[in-house]
1. Sticking with the crude label model, points 7 Å out along Cα→Cβ, report the distance from Ala85 to Asp103 in nm, one decimal please.
2. For the pair Glu35 and Ser95, how long in nm is the line joining their label points, each one 7 Å along Cα→Cβ?
3. Give me the extension gain from Ala127 to Thr155: residue separation times 0.36 nm, minus the current Cα-Cα distance, reported in nm with one decimal.
4. Taking R0 as 45 Å, what's the FRET efficiency between Arg170 and Leu61 from their Cβ-Cβ distance, rounded to 0.05?
5. Between Glu53 and Phe177, what's the calculated FRET efficiency when r is the beta-carbon distance and R0 is 25 Å? Round to 0.05.
Amino acid sequence: MFASISCRGRQVIDGFTEVSLVFMQRSYSSLSKSEKLELKSSLLNSDIVRDYERAHRQAWLSNNAEFLGSFIDSHGYLAFQACMAISVSHRKKVSRVFEKITDIVLSDTAVFLTLTFTDEVLASTSAETRRRYVSRFLKASSAVYVANVDYGDQTEREHYHACVCGRVNRSLWKYGFVFAEKVRCRSGDCKAVSKYVAKLSLHAIKDSCRNTRLIYSRG
């Protein structure tokens, strides 16, 4: 687990287990894919990403890069590079979500789904296996869809939210319950469309789902 971030010859420990200073002095681009994922996961589980976003916003609003310099002084250049990569990835994800969901809602056949898992499935399968279950179900149910994992605010119980085109055969979902809500708005009703796009997109871009990959149809 990544822990200490090299910072101008010293180490800043921020709630992680310690790793070698030599390793942390490497540039972000030199890390392997698995190392980048581990680093980003560690940062997302801390307050460092929020610190970066706050510094970035302040620098942009004031046109003063000193805020980003202060972030680097506190957390190190590697953390800065990783946080920047996380931020760029998140913006791309938000853009894809809004575009995809807007297209689905405007089709006038949109359905909002919540897919849950039984206790047995959660206990006996991995998160990646459950993701494959969701992906297969959506492919069998609709030609156009977008979905993402979510976690209960109180229980942190894993489930998925999806937006699809057309009717869904709920009997195909063998791993828990399916809750379906027809998205009711006319294509000419901009207010209703905006409301649904905002509601459905929120589930895919909330902070608890930041380090996850979307499930969506191609094309």
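1. 2.8 nm
2. 2.9 nm
3. Details: separation 28, 0.36 × 28 = 10.08 nm, distance 1.65 nm.
Length gained between Ala127 and Thr155: 8.4 nm.
4. 0.40
5. Between Glu53 and Phe177 the formula returns 0.10.
Taken together, the values in this text are just the output of simple stated rules run on the coordinates, not laboratory data. In this text the structure is predicted, and so the values were computed from the model without any measurement. Every residue, glycine among them, receives a Cβ derived from its backbone with ideal geometry; neighbour counts consider all protein chains shown.
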